[in-house]
Amino acid sequence: MDETMTESVPTKPFAPFEWMLSARYLRARRKEGFISVIAGFSFLGIMLGVATLIIVMAVMNGFRKELLDKILGLNGHILVQPLESPLTDWKDVAERISQVQGIRLAAPVVDGQALASSPWNASGVLVRGIRSDDLNNLTSIAKNIKQGSLEGFDDGQGVAIGRRLADQLSLHAGDSITLVAPKGAVTPMGTTPRIKPYKIVAVFEIGMSEYDLGFVFMPLAEAQAYFNRSNDVTSIEVFTTNPDKIDSFRKSVTEAAGRPVFLVDWRQRNSTFFNALQVERNVMFLILTMIVLVAALNIVSGLIMLVKDKGSDIAILRTMGASQGSIMRIFLITGASIGVVGTLVGFFVGLVICLNIESIRQFLSWLTSTELFSPELYFLSKLPAEIDVGETTAVVVMALTLSFLATLYPSWRAARLDPVEALRYE
């Protein structure tokens, strides 16, 4: 009789009756309602944990990519500064550097601090003198002109200012802006500030509030005269074709300069900012991983309670010929189903939110009548999200692995249950 019963129960892995029992245990009756609640919270925890991880990682990647594009779109990948003597030979040096393979642009610039003012307001700015051709090659500026034009930039005494600066000073293209520099003409009474009005020929909007508020572009020759620089420049901004391989350009640029120079690359200039962003990203990943881990522990507690409640069922199945492996697989399927479905739903929820995150932000801002993403605080004018396939895959694999590991101990406990002990008091 025992042999007949044993043969009647399928022995191959993940047999249909194992799936049937697992599905039955996931549909709790009234007296098993508490177990069902724990399973529901486990599902929600894993779903929210995976979705939140994907969204946060995508937003952090978006921040880094957008900020990197904005910063490197305006500032050179390598800053060439003079040593021993001023850069009076900047034309020849810039020409030689621009001939180096992989160098997209070598732009001589004159930088200086000034106070920009209008009849209504004033703000501190960085004035950058640059040639018209070089400014037109900076696509972050040339392709984002909102008012006016850069045509004939070198011919007149006009300047280009950012959109946020124009709004703060209540100015438009065609208006005049007054620049005040602390070091002006030298007189017997000392150095007097230089105050000069300039016509606004163009208004640009990069999308990074710090640049749109703090930069004023001026023709190079005019900037040399304004800041008392006799035919020399502050530095040469060098733009490469691949900023991630900046180390490979340093030696070539130094040799091409043909004079003593000091090089500073974009990583050194922005190291504090990007290191802080990386630390914040890693910490957020660890914190949000805890959500998935807690949800996985809920699976453990829920399955242990289910095994306890189904002790008599397990004993009857064992006496009917079900193997320990079958019992273990039944509870493995039960627990893993929660984790797998929760992970997949969390993945799709995270994906949908990432693809529509700016629309969601605008809707929430409208709903709450508050500015949820202030450009003054976050530098960018819109919320970015960049989904990294490798990171998203790692999140999904991690959640599935934790969910599977969480089912091992309760399933092992169920398989080890002694039928005699389980049925003794029934």
Handout entry: Computed FRET value (nearest 0.05) for LYS245 with ASP155, which takes r as the C-beta separation and R₀ as 35 Å
Key = 0.40
Exercise for the section: Residues in the stretch 92-135, backbone N under 17 Å from the label point at VAL180 (7 Å along the Cα-to-beta-carbon vector): list them, ranges by number please. Expected result: 113-127
Practice task
At 7 Å along the Cα-to-beta-carbon direction for both LYS143 and ILE287, put a label point, then send me their distance in nm to one decimal.
Solution key: 3.5
Completion exercise
So the carbon and sulfur contribution to the accessible area of the stretch 167-298, 1.4 Å probe, in percent, is 60
Exercise for the section: Go through the stretch 51-67 residue by residue and turn each phi into a ³J(HN,Hα) via Karplus (6.51, -1.76, 1.60, θ = phi - 60°); whole Hz please, and just put x for glycine and proline. Expected result: 4, 5, 4, 4, 5, 5, 4, 5, 5, 5, 5, x, 4, 4, 5, 5, 5
Practice task
Express in nm, to one decimal, how much length is gained between ASN121 and GLN362 on full extension, taking 0.36 nm for each residue of separation and deducting their alpha carbon distance.
Solution key: 83.8 nm
Exercise for the section: Quickly work out the ARG104-to-THR192 label distance, labels modelled 7 Å from Cα along the C-beta direction, and quote it in nm with one decimal. Expected result: 4.5
Exercise for the section: For a label point 7 Å from the Cα of ILE387 along Cα→C-beta, name the residues of the stretch 60-101 whose backbone N is under 19 Å from it. Expected result: 60-66
Fill in the blank from the handout: Here, MET320 and LEU408, labelled 7 Å along Cα→Cβ, have an inter-label distance in nm of 3.0
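The values are calculated or read from the model by the stated rules, or taken from the named source; none is laboratory data. Predicted model only: the values in this text are computed from it and were never measured. With ideal geometry, Cβ positions are generated from the backbone for all residues, glycine too; neighbour counts draw on all protein chains shown. Please note that ligands, DNA and RNA were not included when accessible areas were found on the heavy atoms of the full protein model with its side chains. Shrake-Rupley method; radii C 1.70, N 1.55, O 1.52, S 1.80 Å.
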